[in-house]
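Please treat every number below as a calculation from the coordinates, not as lab data. None of the values given here were measured: they were computed from a predicted structure. Glycine also receives a Cβ, built like all others from the backbone with ideal geometry; neighbour counts cover every protein chain displayed.
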Amino acid sequence: MASNLTNYHSHSLYCDGHAPIKDFLDEAVRQGFTSYGVSPHAPLPWTTRWSMMELELPVFLYEMKRLKEEYKDRLEVYCGLEIDYIDSDINPQAGLFKNDALDYKIGSVHLIHNQAGRLVDIDLNVEKFRKEVDKSFGGDVEYVIDKYFQVETSMVETGGFDIVGHMDKISFNVESYCHGMTSSSFYTDKVERLLGLAVSKGYIIEVNTKAYARQGTTFIGQPHYHLLKEMGAKVVVNSDSHFPSLINSGRMEALHNLKKAGINEVMELHSGKWCSVAISCD
């Protein structure tokens, strides 16, 4: 069985994924995964196109309990949530998410407030991001960057989760909007400060490979892998898959590039505990 075949960032029909949970687990078994986690977008206090509803949460938890038993001889199945940090009230620390049925939580930022205080979705494709920056932020991409990293920092300081999800996910869109921005000190200093804070607090840092096949990038981005090494970060490689066929997309490339950066171990869940496992790839 191949090593490092794990994924803990995965979306199903409970949120914006495109298949039932069983389809993801069956594909994981077929590919020889050792452990697999399902992490729907957690409920928010309002309806969105991409998050589960609060009334679905107990249904999801019950289904995961059943699936753990069903697959126990073939695959370690783990129950997670990807939880948005919005502000001091809406975040992974909320009481709704303090549930023993959850094996882990991913803290993520997808929305930020604009200059007028309106909450704006910035987790968009390049063209929609460009239009949103122009329409909702008056074309001030530096404000968007500042605000994004401020919210990420508040999330890390507040806590209540295990994994920092796609830490610099705005990087590709920002670079497309303003070429050269992500290599500027204005941007890289923010990444370094945030990463240092997250590592100091013991969080696992996600290398998210969802966009690798399309865009050749990961989040946290490859230009920052040396910081992961220098800071001694705990790293997990996740595919953020919304389709069963993509559960392993970008994984081997990310592992190879991490190893080139001097990182020789990644975090995996086995027997219910996070453990450090050697990267096994050429």
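Go through the range 146-188 and give me each residue that's in contact (Cβ under 8 Å) with a residue 60 or more places away in the chain and either of a type in the set (S, T, Y) or part of a helix (DSSP H, G or I) (or both).
Answer for the range 146-188, where residues must be in contact (Cβ under 8 Å) with a residue 60 or more places away in the chain and either of a type in the set (S, T, Y) or part of a helix (DSSP H, G or I) (or both): V151, E152, S154, M155, T158.
Against the definition (under 22 Å from I170 (Cβ atoms), in contact (Cβ under 8 Å) with a residue 40 or more places away in the chain and not basic (K, R)), how does D84 come out, yes or no? Break it down stepwise before answering.
Numbers: under 22 Å from I170 (Cβ atoms): yes; in contact (Cβ under 8 Å) with a residue 40 or more places away in the chain: yes; not basic (K, R): yes.
So D84 fits the description; yes.
Tally the residues that are crowded, with 16+ Cβ neighbours inside 10 Å and of a type in the set (K, R), restricting the search to the range 235-282.
2
Under the condition of being of a type in the set (D, E, K, R) and over 15 Å from M64 (Cα atoms), which residue from the range 11-34 is surrounded by the fewest Cβ atoms within 10 Å (Cβ to Cβ)?
Pass one, the range 11-34, residues of a type in the set (D, E, K, R): 16, 22-23, 26-27, 30.
If we keep only those that are over 15 Å from M64 (Cα atoms) as well, we get 16, 27, 30.
Working: D16: 15, E27: 19, R30: 10.
That would be R30.
Strands (runs of 3 or more DSSP E) wholly in the range 189-282 with at least 2 residues that are over 16 Å from M167 (Cβ atoms) - which ones?
Numbers: elements: 204-208, 234-238, 265-270, 273-278.
Here the list reads 265-270, 273-278.
Any idea which residue in the range 76-101 is nearest to the chain's Cα centre (by Cα), counting only those that are hydroxyl-bearing (S, T, Y) and closer than 22 Å to I122 by Cα? Before the answer, list the steps.
We begin by selecting, within the range 76-101, every residue hydroxyl-bearing (S, T, Y); these are 78, 85, 88.
Narrowing the set further to residues that are closer than 22 Å to I122 by Cα leaves 85, 88.
On the way: Y85: 12, S88: 20 Å.
Going through the qualifying residues, I end up with Y85.
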